[in-house]
Amino acid sequence: MTPPLVSDAAGWVGAVSLVAAYGATSVGRVRTGDRSYQLLNVLGSVGLGAVAWAHHTWPSLALNTLWLLIAGVTLRRTGTRSAAPRRPDLGWPTHTHQGAPPCQVPPSFPRSPTSLSP
């Protein structure tokens, strides 16, 4: 059995980690695909899971175990590729303009400033 001081300290670290992850995504400091976000979720779920284990709070332990699995799988996946989101392919034609990166435009979108005039 874990001493109460150790499990309570782990619980506080876990709670602060989860709130930090939630707050950082809410204000736009990190994205959910970022490694830092997933690491905070892993740390938080382990900390709160330790408290749940020490106090025999099984529903909380089950929740934090699932939280850890989700964060761990996501962390493993984001470790092998970029966390930047991809733009969806909408099936529209690709258009480039004066050296800018290509973008997709709807077929009804004007192609040039001259096509805007009546």
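The values are calculated or read from the model by the stated rules, or taken from the named source; none is laboratory data. All figures in this text were calculated on a predicted structure; none of them were measured in a lab. Methodologically, a virtual Cβ is constructed for each residue, glycine included, from the backbone with ideal geometry; neighbour enumeration extends over all protein chains shown. The area values use the complete protein model at the heavy-atom level, side chains included, leaving out ligands, DNA and RNA. Shrake-Rupley method; radii C 1.70, N 1.55, O 1.52, S 1.80 Å.
Tabulated results
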quantity	calculated
Test: residue in the range 77-90 that is within 18 Å of the chain's Cα centre (by Cα), assigned to a helix (DSSP H, G or I), more than 19 Å from D8 (Cβ to Cβ) and modelled with pLDDT under 95	yes
The range 52-82 - residue that is free of Cβ contacts under 8 Å to residues at least 12 places away in the same chain and farther than 22 Å from Y37 by Cβ and, of those, most open to solvent (accessible area, probe 1.4 Å)	W58
Per-region count, the range 24-45, residues open to solvent by 30 Å² or more (accessible area, probe 1.4 Å) and either among the charged types (D, E, K, R) or assigned to a helix (DSSP H, G or I) (or both)	12
Residue within the range 3-18 that is assigned to a helix (DSSP H, G or I), farther than 17 Å from T78 by Cβ, of a type in the set (S, T, N, Q) and open to solvent by 50 Å² or more (accessible area, probe 1.4 Å) present	no
